[in-house]
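Here the structure comes first, spelled out in structure tokens, and everything after it is commentary.
The values are calculated or read from the model by the stated rules, or taken from the named source; none is laboratory data. Since we're looking at a predicted model, the values are computed, not measured. Ideal geometry is used to build each Cβ from the backbone, glycine not excepted, and the neighbour counts take in all protein chains shown.
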Amino acid sequence: MRRTAWRTGAYAFMIVACLAWLVPVLLALYVSFRPNAETSQYGYASLPHHLTFRNYTDAWAQSDMLRFFGNSVLITVPAVILTLLLASMVAFVVTRVSIKVNLALLLLFTAGNLLPQQVIITPLYRLYLLIPLPGFLSPSGYLFDSYTGLIVINVAFQTGFCVFVLSNYMRTIPGEMYEAAEVDGAGLWARYWRLTLPLCRPALAALATLLTTWIYNDFFWAITLISTGGKRPVTSALANLQGQFVSNQNLIAAAAMIVAVPTLVVYLLLQRQFIAGLTLGSTKG
Amino acid sequence: MLAVPVLADLAFIWGPALVSVALSLFNWSGIGGLHARGCIPGGLFPDNGCFNGVQNYHQAATNYPPFWPAVRHNLSWLGVFVFLATPLGMFFAVLIDSGLKGSRVYQTVLFLPVMLSLALIGIIWEFLYSPNYGVINTVIGHNTNANLIDWLGDPSINLWSVLVEASWRQAGYVMVLYLAGLKAVDPSLQEAARIDGASAWQTFWHVTFPSIMPMNIVVAVVTVIESLRAFDLVYITNKGTNGLELLSALITSNIVGETSRIGFGSALGVVLLVISLVPISVFLYQMFVRREAR
């Protein structure tokens, strides 16, 4: 009897919590379909007189959204690939090649990822203004205000977490496989590229999902290390739009929904991967 | 195979972290060079690039009005995460793990905010908080100009409003971590406790909670780190001013704002560095000990 009451309570709590959790997102979606003239008269919590796609077409056309999405792709794709490549190399060496500094390396990378970004931003900002780059990599001539600079910091910052996760994962690969490969004459590179990486495919897929979302969602590096508004990726460009269209919040709602689409697609299609990536590092250690 | 990643990590993460300690001892605008000459206390002309000793720290603590509010706000942030977001996330996880029907749906919904960028979260919550048009004021009848509540603008309440947004996201994050931890718990232990007549609460507190101890430590570290890192939400709301000062936002405003105070900004960065080394050490120790134990 008590058990039934408890379960009923649990269901009620979960359903109420889920509804409450959806309110902010559904509200923004609702606002994005309503004309500004209507909500400024009746407020957001009112029944609709008209529903329209106008905010979406306006947001897309007036904000140069395509260019900002392009910036996001140009930064996110190379950053994810480079991070996984570098992190898997470090993880491979740390777990499969016995050198004395292994633990120190692992600590270095893991701790680096846990630092708040603001701890390093002041010197990093100066450093970015000091390092020159050839014109084809950076029109500004420096790491500062360039896609390359943003890719570099995203890679450097995210590598730590990936090394941690991948080294835990690689530790589960039986050592006999490596002994057999060595007997067959596989060199260090072959053992990494042909043996380890294919076996790590599930972990790499999970991390790729996670990294794509995190780098796409990055706000801090983009607003501090990119000074030209037109070069910013879409997440940080959204903040500028908010200032630009301050009198039309409905348009902002539509822009926010457009920006959320890629992450929502990733979530709905690859939810399992995403959650696996997030928890791999914390459960297997 | 190691050279590139190690150099990148040293050059762009640890290098700047150490350099910030050195820079924090100088009075520097970022333009011109640094020199070893000491700053003249109370000098009439600002001596750019001079060695300032611990004066930047002294100034932060005694002559920089937003500093102590920022520290207090970071502590409030931590408090809300510890006493609200984390227990809530844990409770979600325990309920989902207890085998309710539709657990997959609950998990999908409650985790949704973690997918969204914090910048986006700050934007969509304004439709709830907006003084004139927002849903909250309309529902509680405070939407006429005479009695508006400015949830995000009023410095006496805006920190709490932003913390609701932050907790909305953090609870889902904690939930997923605990769900992974709970999968490792042996269900026969819980069953045995139940047969012995333990209540649901007793079973959780004496059986489940101790067996997810490693995850508790991970969550504790995540909670502290996330409350030190907090930045995006306050920045998107009002650039971290007027009730929303945080250490992270002060550091940022000292470099991207109109005033470029590299030495002073670095000193604030070092304060944040020293605080964050505590949870980082706990995490590394835990990882190290657990690994040695196997």
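Side notes on the structure shown:
- Sole exception among (1) surrounded by 12 or more Cβ atoms within 10 Å (Cβ to Cβ); (2) away from every other protein chain (no Cβ under 13 Å); (3) closer than 30 Å to A:Tyr267 by Cα for B:Met175, by number: (2)
- Checking each residue in region B:232-252 for being without any contact (Cβ under 8 Å) to a residue 24 or more places away in the chain and either of a type in the set (A, V, I, L, M, F, W, C) or more than 24 Å from B:Ile124 (Cα to Cα) (or both) picks out only B:Ile251.
- A:Leu270 vs. criteria at pLDDT below 90, out of contact with any Phe, Trp or Tyr (no Cβ under 9 Å at 6 or more places or on another chain), under 30 Å from B:Glu126 (Cβ atoms) and assigned to a helix (DSSP H, G or I): yes
- All positions within region B:90-143 that are under 30 Å from A:Thr39 (Cα atoms) and among the small types (Gly, Ala, Ser): B:Ser117, B:Ala119, B:Gly122, B:Ser130, B:Gly134, B:Gly141
Okay, residues lined up against (1) exposed (fewer than 13 other Cβ atoms within 10 Å of the Cβ); (2) facing chain A (nearest Cβ under 7 Å); (3) at pLDDT 80 or above:
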position: B:Ala3; (1), (2), (3): yes, no, yes
position: B:Trp14; (1), (2), (3): no, yes, yes
position: B:Val19; (1), (2), (3): no, yes, yes
position: B:Ala22; (1), (2), (3): no, no, yes
position: B:Ile31; (1), (2), (3): yes, no, no
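- Residues of region B:103-132 classified as within 8 Å of another protein chain (Cβ to nearest Cβ), outside any helix (DSSP H, G or I) and surrounded by fewer than 22 Cβ atoms within 10 Å (Cβ to Cβ), total: 1
- Helices (runs of 4 or more DSSP H) within region B:1-86 that include 1 or more residues of a type outside the set (Gly, Ala, Ser) and over 22 Å from B:Leu268 (Cα atoms): B:3-9, B:67-80
- Look at region B:261-273: where a residue is more than 17 Å from B:Pro65 (Cα to Cα) and more than 8 Å from every other protein chain (Cβ to nearest Cβ) and a partner is of a type outside the set (Ser, Thr, Tyr) and not in a helix (DSSP H, G or I), sitting 6+ places away or on another chain with Cβ atoms under 6 Å, you get B:Gly263/B:Phe26; B:Gly263/B:Asn27; B:Gly263/B:Trp28.
- Applying the criterion of being facing another protein chain (nearest Cβ under 10 Å), crowded, with 22+ Cβ neighbours inside 10 Å and more than 17 Å from the chain's Cα centre (by Cα) to the residues of region B:134-172, the residue that is farthest from A:Asn248 (Cα to Cα) is B:Asn137.
- Counting only helices (runs of 4 or more DSSP H) that fall entirely inside region A:61-168 and contain at least 3 residues that are of a type in the set (S, T, N, Q) and farther than 25 Å from A:Asn240 by Cβ, the qualifying elements are A:65-96, A:102-114.
- B:Phe91 fulfils the conditions (1) over 15 Å from B:Leu247 (Cα atoms); (2) in contact with a Phe, Trp or Tyr (Cβ under 7 Å, 6 or more places away or on another chain) except for a single criterion, (2).
- Test for A:Ser63: is it out of contact with any Cys (no Cβ under 7 Å at 6 or more places or on another chain), touching a residue at least 60 places away in the same chain (Cβ under 8 Å), surrounded by fewer than 24 Cβ atoms within 10 Å (Cβ to Cβ) and more than 7 Å from every other protein chain (Cβ to nearest Cβ): yes
- Inter-residue pairs, beta-carbon under 6 Å, first within 13 Å of another protein chain (Cβ to nearest Cβ) and touching a residue at least 40 places away in the same chain (Cβ under 8 Å) and in region B:195-218, second in a helix (DSSP H, G or I) and not charged (D, E, K, R), 6+ apart: B:Ile217/B:Gln286; B:Val218/A:Ser282
- Flag: A:Ser40 matches the condition of being modelled with pLDDT under 90, part of a helix (DSSP H, G or I) and small (Gly, Ala, Ser).
- Scanning region A:226-255 for residues that are of a type in the set (Gly, Ala, Ser), without any contact (Cβ under 8 Å) to a residue 60 or more places away in the chain and within 11 Å of chain B (Cβ to nearest Cβ) returns A:Ser236, A:Ala239, A:Gly243.
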